[in-house]
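**Q** Next up is a structure, given as structure tokens.
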Amino acid sequence: MLEDIHTQPNRLQLPDDEPAWRSGPFTEEDRQIIRSMETVVDGIAAILGMSCEVALHSLEDLNQSIVKIANGMTTGRSVHNPITAGALRQLHEIASQPGSDIRTTFKRTPDGQLLKSTSSVIRNGQNRPIGMLCININMSIPAADFLQAFVGGVDSEMAVTEHFPSSVDDLVESTVDNTIQEINSDHQLSNKVKNKHIIMALYDKGIFDIKESVPLVAGKLGVSKHTVYLYIRQRKSGEG
């Protein structure tokens, strides 16, 4: 079922009583949660391209709910524009029918563009809806243009091979293995100092930010945990 999406920033006529999905005033913590989502807007827009509009809504003031938007030319909206009637309806559905906080629909803009729209409710620590993240993909543009926007600027020759670990042990082990190969390829280093350079390289890669990584690295390299900690301290102090 298609629904129209209205883009003009008219003020909404809201009832005086609290809506079913609201259970108290906004707090500073609520505002911080919404602000923390702003980089998500940029990230989604960056990976999907110009044909994807991403809007972040704060439910503190529905008359100017958009606090961040990327590729707003899709619907002609900008920051401080109000929430849509469709999003309001979704909020009421979610309040009356607890379950999925994600809704996907097809919409059409006043100028005829077909959008596939996904809206996700953002909740605070008390499980109260405080925002919405809405993604609108323009389905009306030619497929070739969409693909160009999606992959534009990609240089396949520069792509970095990435390992996608199934566990923390897998992450540590694969990182250690790769680092060992990197260090062993440096023929100017003697075998005596290779473990030191491996451990310091692992520190630079952030592997020791993972809990219990030290004993895993020590076991992989066949050294004691004290040796690993020694080289970590040296790296922190700039001795390495």
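The values are calculated or read from the model by the stated rules, or taken from the named source; none is laboratory data. Owing to the predicted nature of the structure, the values given are computational and were not obtained by experimental measurement. Backbone-built Cβ (ideal geometry, glycine too); neighbour counts: all protein chains shown. Just the protein is used for accessible areas: all its heavy atoms, side chains included, with ligands, DNA and RNA removed. Shrake-Rupley method; radii C 1.70, N 1.55, O 1.52, S 1.80 Å.
**Q** Residues of segment 196-218 being more than 17 Å from Gln181 (Cα to Cα) and either open to solvent by less than 10 Å² (accessible area, probe 1.4 Å) or of a type outside the set (A, V, I, L, M, F, W, C) (or both), which ones? Walk me through it before giving the result.
**A** Initial filter on segment 196-218 (more than 17 Å from Gln181 (Cα to Cα)): 206, 208-216.
Those that are more than 17 Å from Gln181 (Cα to Cα) and either open to solvent by less than 10 Å² (accessible area, probe 1.4 Å) or of a type outside the set (A, V, I, L, M, F, W, C) (or both): Gly206, Asp209, Lys211, Glu212, Ser213, Pro215.
**Q** Output the number of residues of segment 35-63 satisfying the condition of being within 21 Å of Arg89 (Cα to Cα) and in contact (Cβ under 8 Å) with a residue 40 or more places away in the chain.
**A** Keep residues of segment 35-63 that are within 21 Å of Arg89 (Cα to Cα), which gives 53-63.
With the extra rule that they be in contact (Cβ under 8 Å) with a residue 40 or more places away in the chain, the set shrinks to 53-60, 62-63.
Total satisfying the criteria: 10.
**Q** Right, Asp170: open to solvent by less than 50 Å² (accessible area, probe 1.4 Å) and among the acidic types (Asp, Glu) or not? So that I can check it myself, show each step before the final result.
**A** Working: open to solvent by less than 50 Å² (accessible area, probe 1.4 Å): yes; among the acidic types (Asp, Glu): yes.
Yes: the conditions hold for Asp170.
**Q** Looking only at segment 128-150, decide whether some residue is in contact with a Ser or Thr (Cβ under 6 Å, 6 or more places away or on another chain), at pLDDT 85 or above, under 30 Å from Gln113 (Cα atoms) and β-branched (Val, Ile, Thr). Reasoning before the result, please.
**A** Step one: filter segment 128-150 for residues in contact with a Ser or Thr (Cβ under 6 Å, 6 or more places away or on another chain), giving 128, 131-136, 138, 141, 146, 149.
Those still in the list that are at pLDDT 85 or above too: 128, 131-136, 138.
Filter once more, so that each one left must be under 30 Å from Gln113 (Cα atoms): 131-136, 138.
Narrowing the set further to residues that are β-branched (Val, Ile, Thr) leaves 135.
Yes; the residues of segment 128-150 include at least one that is in contact with a Ser or Thr (Cβ under 6 Å, 6 or more places away or on another chain), at pLDDT 85 or above, under 30 Å from Gln113 (Cα atoms) and β-branched (Val, Ile, Thr).
**Q** Just give me the residues in segment 24-79 being open to solvent by 50 Å² or more (accessible area, probe 1.4 Å) and either acidic (Asp, Glu) or part of a loop (DSSP other than H, G, I, E, B) (or both), in sequence order.
**A** Selection gives Pro25, Thr27, Glu28, Glu29, Glu38, Asp42, Met50, Glu60, Asp61, Gly76, Ser78, Val79.
**Q** Name the pairs: first residue in segment 204-216 and free of Cβ contacts under 8 Å to residues at least 40 places away in the same chain and part of a helix (DSSP H, G or I), second residue of a type in the set (Lys, Arg) and open to solvent by less than 90 Å² (accessible area, probe 1.4 Å), Cβ to Cβ under 9 Å, at least 6 apart or on different chains?
**A** Asp204/Arg235
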